[in-house]
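Following: one structure in structure tokens, then a few remarks.
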Amino acid sequence: QVQLVESGGGLVQAGGSLRLSCVASVRTFSRYSMGWFRQAPGKEREFVACMAWANGREDYADSVKGRFTISRDNVKSTVYLQMNSLRPEDTALYFCAATTRAVPNNLRESYDYWGQGTQVTVSS
């Protein structure tokens, strides 16, 4: 029903920035809440950020507050994750996710659709 494709990952030095993009193959993108998760080798997939479709309210993991910003372009059906002041511990495979829930949360199981991920590697 919904396909998500992430892009924008890469290798950066600590303190650098990247902007991730996720394009959704749906015409009703504005009615999906969107989230970003990440998974490092040997670790569980963890919540990074989300944005509600109803009011655009944002939420972030404590580890990225003040450094990462989620945004969306409903015309392009794209959600972005601007990542600044990157740290080596930000290294992970980053996934975008979508849910029809008006108010998203930080739980993986609350999201219905997932992309395949884009790799972010931050060197020290």
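The values are calculated or read from the model by the stated rules, or taken from the named source; none is laboratory data. In this text, all values refer to a predicted model and were calculated from it rather than measured experimentally. Because the Cβ atoms are built from the backbone with ideal geometry, glycine has one as well, and the counts that use them run over all protein chains shown. Side chains included, ligands, DNA and RNA excluded: accessible areas come from the protein's heavy atoms. Shrake-Rupley method; radii C 1.70, N 1.55, O 1.52, S 1.80 Å.
Quick notes on this one:
- Conditions (1) open to solvent by 40 Å² or more (accessible area, probe 1.4 Å); (2) within 18 Å of Gly10 (Cβ to Cβ); (3) in a loop (DSSP other than H, G, I, E, B); (4) touching an Asp or Glu at 6+ places or on another chain (Cβ under 9 Å); number of the one not met by Tyr80: (3)
- Of all residues in segment 1-32, those satisfying the criterion of being within 18 Å of Val64 (Cβ to Cβ) and part of a loop (DSSP other than H, G, I, E, B) are Gly8, Gly9, Ala14, Gly15, Gly16, Ser17.
- The one condition in (1) farther than 16 Å from Gln39 by Cβ; (2) surrounded by 16 or more Cβ atoms within 10 Å (Cβ to Cβ) that Ala92 fails to fulfil: (1)
- Count of residues meeting criterion [open to solvent by 20 Å² or more (accessible area, probe 1.4 Å), closer than 19 Å to Asp90 by Cβ and out of contact with any Cys (no Cβ under 6 Å at 6 or more places or on another chain)] in segment 33-60: 11
- Residue list for segment 47-77, filter: touching a residue at least 24 places away in the same chain (Cβ under 8 Å), farther than 23 Å from Gln13 by Cα and in a strand (DSSP E or B): Cys50, Met51, Asp59, Arg72
- Restricting attention to segment 62-77, the residues that are open to solvent by 20 Å² or more (accessible area, probe 1.4 Å) and within 23 Å of Tyr32 (Cα to Cα) add up to 8.
- Sole exception among (1) surrounded by fewer than 16 Cβ atoms within 10 Å (Cβ to Cβ); (2) in contact with a Leu (Cβ under 9 Å, 6 or more places away or on another chain); (3) hydroxyl-bearing (Ser, Thr, Tyr) for Ser30, by number: (2)
- Taken over segment 1-22, the criterion of being under 13 Å from Gly115 (Cα atoms), modelled with pLDDT of 95 or more and open to solvent by 50 Å² or more (accessible area, probe 1.4 Å) is satisfied by Val5, Ser7.
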